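Report on one structure; see the data block that follows.
The values are calculated or read from the model by the stated rules, or taken from the named source; none is laboratory data. Every value quoted in this text rests on a predicted model; they were computed, and no experiment measured them. Heads up, the Cβs are rebuilt from the backbone with ideal geometry, glycines too, and the neighbour counts pull from every protein chain shown.
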């Protein structure tokens, strides 16, 4: 029950802000051009400032795990290498290789990477998109 209340306390402010935005737009207090400009301001100015500030003030000595960074990098490199070698072994043209790699790295589960990427290549539209 405590976990449910904590989850509600975290999610509720987000829904309240979204609801407030919808209400303000319905009563015509906010228009599309204002929302577009505000969105651009937040994503292009304030979000990068916040990210740099948080990174600059973070305590990396207590949270940094070198083994995790090295292990994650190795898994990514091995996954890329295997997909590259597999695409070369299957003698895919360059357009199909691009779709194969895009599909391989878009997936989360390593079990579904190659079958999903292989399924993407059968669709003609996606093959042409990679060229």
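Of all residues in the range 53-78, those that are surrounded by 10 or more Cβ atoms within 10 Å (Cβ to Cβ) have Cβ atoms under 9 Å from Cβ atoms of residues that are at pLDDT below 80 and part of a helix (DSSP H, G or I), 6 or more apart or on another chain, in 76/105.
Each residue in the range 87-122 was checked for being modelled with pLDDT under 50, surrounded by 10 or more Cβ atoms within 10 Å (Cβ to Cβ) and part of a loop (DSSP other than H, G, I, E, B), and 1 pass. Screening residue 25 on (1) without any contact (Cβ under 8 Å) to a residue 24 or more places away in the chain; (2) within 20 Å of the chain's Cα centre (by Cα); (3) surrounded by 10 or more Cβ atoms within 10 Å (Cβ to Cβ) shows it passes everything except condition (2).
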